[in-house]
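The values are calculated or read from the model by the stated rules, or taken from the named source; none is laboratory data. Just so it is clear, the structure is predicted and the values come from calculations on it, not from any experiment. Positions of Cβ are backbone-derived with ideal geometry, glycine not excepted, and every protein chain shown enters the neighbour counts. Side chains are part of the model used for accessible areas, which takes the heavy atoms of the whole protein and leaves out ligands, DNA and RNA. Shrake-Rupley method; radii C 1.70, N 1.55, O 1.52, S 1.80 Å.
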Number of protein chains: 2
Amino acid sequence: MLTTKTASNITAPTQFLQVKDERYAYRRFGKGSGRPLLFLQHFTGTLDNWDPAVTDLLASGREVILFESAGVGRSTGQVPKTVSGMARHALAFLDGLGLTTCDVLGFSLGGMVAQQMAQDCPSIFRRMILVGTAPRGGEDIMHLEKQSLARYFEDPTLQGYALLQKIFFAPTESSQAAGAAFIARLAQRQEDREPASGPEVAKAQVAAFREWEQFTGERFANLKSIRQPALIVNGIHDQMIPVSNSYWLSENLPNAVLLTYPDSGHGSIFQFHESFTRQATAFLASDSPFAPY
Amino acid sequence: MLTTKTASNITAPTQFLQVKDERYAYRRFGKGSGRPLLFLQHFTGTLDNWDPAVTDLLASGREVILFESAGVGRSTGQVPKTVSGMARHALAFLDGLGLTTCDVLGFSLGGMVAQQMAQDCPSIFRRMILVGTAPRGGEDIMHLEKQSLARYFEDPTLQGYALLQKIFFAPTESSQAAGAAFIARLAQRQEDREPASGPEVAKAQVAAFREWEQFTGERFANLKSIRQPALIVNGIHDQMIPVSNSYWLSENLPNAVLLTYPDSGHGSIFQFHESFTRQATAFLASDSPFAPY
């Protein structure tokens, strides 16, 4: 077992797994009777962008595995320009770990990768948590050039975490306060940190978003084949991937519960981490063939 | 205290409360540390239409109070032709009971009445559960004449419970099976039953739906004043009050969590009664000023 004794993303060491030509960075910690839970990360996020308030609580009942896709952080290789390419890396990684099945928490871009993996390899996931994400053919996915986001991205006074707080949280006092707390939690990890993503990562991932907005044939029909119980979560005021995309997911996935949070944006599960981890724990604890928990 | 020892809607006696000119039928049972939970009923529903799988479980942690509005069942008076008129009856009833504040579970028409009560008397509810309902100005609210519903209402072989099973549950094997179980639970109550609603009840309540679809000024702006933590619940395939109405509720109420259920229609909370009562119990147990639980 590659688990560590330190069940926190503040201190869990980054590990590396060589699979064919690539060497993937990842962290694996926690224990319990639950199935391992794979975390798939958002646009430009690294292992250091996982909120310990979420990972550590969930690690108290199962192993969590934080995966760094190719070309991100200390993982080698090129960032694929398609979600499908990213899904291949994640499937290769799980194969390299010897995991034939697990649960998944895919956030934003990671939620798209999770959907693609479930389509490419239907047995890989038992239960799926899809947060702040969109189906293939969704709309308004990560259009950083639109005014509501560009005003932050183009503000030279907003860099790094300060930018993250603005774009992940709603422009209310309560949501911004939750954002400040989130940032403080991310900053707790002092050593063994991943290098921040550069513009080349962003460029390739944005290309993947644009490709993901395309669809052929009947819109959302591809979702019918994802029969796993799914929990869809979205903040009501998400500017990066609007909640309408989560409505489509819950209406077109055959077996999905939708949970939306008020007063929150893309980072809703970090704002309401106590609620979210309680809900996720209950969802993952269920062995029902039906999503409701 | 008017509570009974029989904490089940299968056996709880119907009680009566005279307030001014009206004599309201109701049932009150259960106990626990939670605040009393007022149940407000759907189109043409009587006290006998409350699923004991929902009422009895919730009654294990608090008193539940099932209210029969004027002109329904054995309650005297005329069925109001507006939601506002129904809200006045419910507020008068609570006043007659000496309850100055409680929690509420409003289902369908009952959810509209709950919203109106919260606007007319902001202190009356601590937490609100709004199931399969719509905001003022919502759309496609109980249009029984549309083909997807008329095919059931105009089918002479479908009467009473058989009709209810068709219109409350999705046309899938799993949902219809859940519908059959729901009907069987409702039929468990053998004595002290309410008379079924006649066409005059339906006519007045449909008039109230039509009035509720109207709005003046900014659509949904009235919801901003309902600041109670709210839990919105809807089945994804609801034909009677489509889920889009719950999206509007959760987007425009300032403090609402949305939960949607797959493979289910208007009766989603009866289909997934184990999940719903678990979720409702957690929501009601919270004393947070924020809706997430």
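Expressed as a whole percentage, what fraction of the accessible surface of the stretch B:123-206 belongs to carbon and sulfur atoms when a 1.4 Å probe is rolled over the protein heavy atoms? Working shown, then result.
Working: 2210 of 3900 Å².
Looking at the stretch B:123-206 in its full context, I get 57 percent from C and S.
Working out 0.36 nm times the residue gap between A:Ser8 and A:Thr101, then minus their Cα-Cα distance, what length gain in nm do you get to one decimal? Numbers along the way, then the final one.
Working: separation 93, 0.36 × 93 = 33.48 nm, distance 2.29 nm.
Between A:Ser8 and A:Thr101, full extension yields an extra 31.2 nm.
Per residue of the protein assembly as shown, what 222 nm ellipticity follows from adding -39500 (n - 2.57) for every DSSP H run with n ≥ 4, rounded to the nearest 500?
Details: 20 runs with 208 residues, N = 586.
Calculated at 222 nm, the ellipticity per residue is -10500 deg cm²/dmol.
Please give the average number of partner chain Cβ atoms lying within 10 Å of the Cβ of each residue in A:261-270, rounded to a whole number.
Values: counts 7, 13, 6, 2, 0, 0, 0, 1, 0, 0.
Partner Cβ neighbours, averaged per residue: 3.
What aspartates and glutamates does B:Lys31 reach when the alpha-carbon gap must be under 19 Å and sequence neighbours fewer than 8 apart in one chain are set aside?
Within the straight-line cut-off, B:Lys31 pairs with B:Asp51, B:Asp56, B:Glu63, B:Asp103, B:Asp287.
List the distances, in nm to one decimal, from the label point of B:Gly32 to the label points of the same position in every other copy, shortest first, placing each label point 7 Å from Cα along the Cα-to-Cβ direction.
Counterpart label points of B:Gly32 in the remaining copies fall at 2.3 nm.
Calculate, for A:Glu173 and A:Lys224, the FRET efficiency according to 1/(1 + (r/R0)^6) with r their C-beta to C-beta distance and R0 51 Å; round to the nearest 0.05. Intermediate results must be reported in sequence, preceding the final value.
Numbers: r = 42 Å, r/R0 = 0.83.
After rounding, the FRET efficiency stands at 0.75.
Restricting things to Cα coordinates, could you compute the convex hull volume per residue of the stretch B:110-195 in Å³? Please list the in-between numbers first.
Details: hull volume 14.1 nm³, N = 86.
So the per-residue hull volume is 164 Å³.
For label points placed 7 Å from Cα toward Cβ, what is the shortest-first list of nm distances from B:Arg227 to its copies?
4.9
Mind ordering A:36-49, B:90-103 by average Cβ neighbours within 10 Å, highest first?
Numbers: A:36-49: 23.2, B:90-103: 17.0.
Listed from highest to lowest mean packing, they are A:36-49, B:90-103.
Straight-line reach from B:Lys224: which lysines have a Cα under 30 Å away, not including same-chain ones fewer than 8 places off?
A:Lys146, A:Lys166, B:Lys81
For A:249-257, what's the mean count of beta carbons from other chains sitting within 10 Å of each residue's beta carbon?
Values: counts 0, 6, 5, 1, 2, 4, 2, 5, 8.
If you average over the peptide's residues, the count of other-chain Cβ atoms is 4.
How do A:129-138, B:13-22 rank on mean C-beta neighbours within 10 Å, highest first? List each step's numbers first, then the result.
Values: A:129-138: 26.7, B:13-22: 13.9.
Top to bottom by mean Cβ count within 10 Å: A:129-138, B:13-22.
When every alpha-carbon pair in the protein assembly as shown is counted, what percent end up more than 43 Å apart? All intermediate terms of the calculation are to be shown ahead of the outcome.
Working: 40687 of 171405 pairs.
So the pairs more than 43 Å apart make up 24 percent of the total in the protein assembly as shown.
Under the convention of a label 7 Å out along Cα→Cβ, give the distances in nm from A:Phe215 to the same position in every other copy, shortest first.
2.7
How large is ³J(HN,Hα), in whole Hz, for each residue of the stretch B:127-135 in order, when computed from phi with the Karplus curve 6.51 cos²θ - 1.76 cosθ + 1.60 and θ = phi - 60°, using x for Gly and Pro?
Per residue, the Karplus-derived 3J(HN,Hα) values read 10, 10, 10, 10, 10, x, 10, 8, x Hz.
DSSP loop GluC sites (Glu not before Pro) in the stretch A:149-196 with at most 14 other Cβ atoms within 10 Å of their Cβ, which ones? Intermediate values should be presented prior to the final figure.
Working: sites: A:Glu154, A:Glu173, A:Glu191; in loops: A:Glu154, A:Glu191.
Listed in order of number, the matching sites are A:Glu154, A:Glu191.
Within a 10 angstrom radius of each residue's Cβ in A:284-291, how many Cβ atoms of other chains show up on average? Whole number is fine.
For peptide A:284-291, the averaged partner shielding equals 2.
State the dimensionless ratio Rg/Rh of chain B (Rg: radius of gyration of Cα atoms; Rh: Kirkwood radius).
Values: Rg = 17.3 Å, Rh = 18.8 Å.
That ratio equals 0.92.
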